[in-house]
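The values are calculated or read from the model by the stated rules, or taken from the named source; none is laboratory data. Remember, predicted model here, so these are calculated numbers, not experimental data. So basically every Cβ, Gly included, is an ideal-geometry build from the backbone, and we count neighbours across all protein chains shown. In case anyone asks, the SASA skips ligands and DNA or RNA and just uses the protein heavy atoms, side chains included. Shrake-Rupley method; radii C 1.70, N 1.55, O 1.52, S 1.80 Å.
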Amino acid sequence: MQAAAEGTSDARILYRQQCAACHGDQGTGDGPMAWWLPAPPRDFQHEPFRYISSASGAGVDLADLERTIRRGILGAGMPASPHLGDTEVQELAELVLAWRRAGMAQDLLDYAAEEDEEMSPEEALEIADSLLESGGSLPVPPRPEDYVFDLDRAAALFAANCAACHGADGRGDGVRGMTDEQGRPIQARDFVATGIWGGRTDRDLYWRIRLGMPGTPMPATEIADEDVWQLVDYVRVLAQG
Ligand code: HEC
Ligand code: HEC
């Protein structure tokens, strides 16, 4: 399925100059620099996005992509782009999303062919569009008025809910042998050595812990908001060493 035709020509030029070395000419994560990075660059066509605020499973919020493009993912070697204007960032995000849409439609067609089911490219795109519908960002509630960070309580919550993967001290040395959706080895984040990659503001961390990271073992959680805030603050403490 051709996605290269999508996106404005400005966005495609910018993409080629500033993104393709890692993410590849067609956004499939296989640029020449891909092999030198601490994490594989996202294959926009075939992988879900991880740093999300949308609670709707595969749904993609354009604002999440824009935030990531602006901020970069420094721990993974993806640079920030403070020099880009709002329109440039938006058009890059739209180009990335167009690739996601085309890749998802292609995956649906391949699956249908395997199962011997009839599906036209138009139908595949329609299904992809409905799956990608974001439904908007999950609202981030304020901290309870009487909230105080309680180190002991936070440590106990972390031990009960997170340490199995992230390790008792948050060094990413819990369970071994996990893989991502693509079958590649993946480790829980080592907060102490490599910090927080996806933004450390309240809302970034709230979304990450509440919603998890699609395509990875990092789970969504149903624990009470108060406890999520304890963990948000605890993860920041761990990341400060
Ligand atoms: C030096 C390599 C590099 C460059 C240049 C780069 N990226 Fe990335 N990018 C990465 C890596 C590595 C990841 C995966 C990080 C991870 O899994 O935490 C990533 C992930 C992403 C994601 C996925 C975010 C998510 O929620 O999963 C988007 C979107 C993205 N990059 C867009 C861009 C755009 C647009 C550009 C150009 C302006 C760009 N990147 C330039 C390396 C790069
Ligand atoms: C089943 C294993 C597993 C459990 C349980 C788990 N995590 Fe994770 N977590 C991961 C993995 C794997 C990653 C890294 C994903 C990646 O590299 O893209 C991650 C990433 C994260 C991040 C992203 C940090 C960043 O760089 O932006 C945060 C925050 C986080 N976990 C917090 C928690 C908290 C808090 C808990 C407990 C409520 C928890 N995790 C439970 C596996 C887990």
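The figures follow:
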read-out: Simple spin-label estimate for ALA113 and ARG236 in nanometres, 7 Å along Cα-Cβ; value: 5.0 nm
read-out: Euclidean distance between Cα centres, the stretch 215-237 to the stretch 66-132, Å; value: 27 Å
read-out: Alpha-carbon Rg/Rh ratio, for the stretch 151-239, with Rh computed the Kirkwood way; value: 0.93
read-out: Nearest-ten-degree value, helix 9-18 long axis tilted from longest Cα axis of the chain; value: 50 degrees
read-out: Rounded accessible area of ASP25 (nearest 10 Å², 1.4 Å probe); value: 110 Å²
read-out: With all protein chains modelled, accessible area of ARG12 [1.4 Å, Å²]; value: 80 Å²
read-out: Extension reserve of the SER130-LEU74 stretch, reckoned as 0.36 nm per residue once the Cα distance is removed; value: 17.0 nm
read-out: Sum of -39500 (n - 2.57) over DSSP H runs of 4+, divided by residues of the chain (222 nm, nearest 500); value: -13500 deg cm²/dmol
read-out: As computed over the chain, the Cα convex hull volume per residue (Å³); value: 141 Å³
read-out: The chain - percent relative contact order, Cα under 8 Å, separation 6 or more; value: 20 percent
read-out: Crossing angle, helix 121-132 versus the chain [Cα axis fit, 0-90 degrees, rounded to tens]; value: 20 degrees
read-out: Rounded to 10°, Cα long-axis angle of helix 225-239 versus longest principal axis of the chain; value: 90 degrees
read-out: With all protein chains modelled, accessible area of ASP64 [1.4 Å, Å²]; value: 10 Å²
read-out: Contact order relative to length of the stretch 1-136, as percent, for alpha carbon pairs under 8 angstrom and 6 or more apart; value: 29 percent
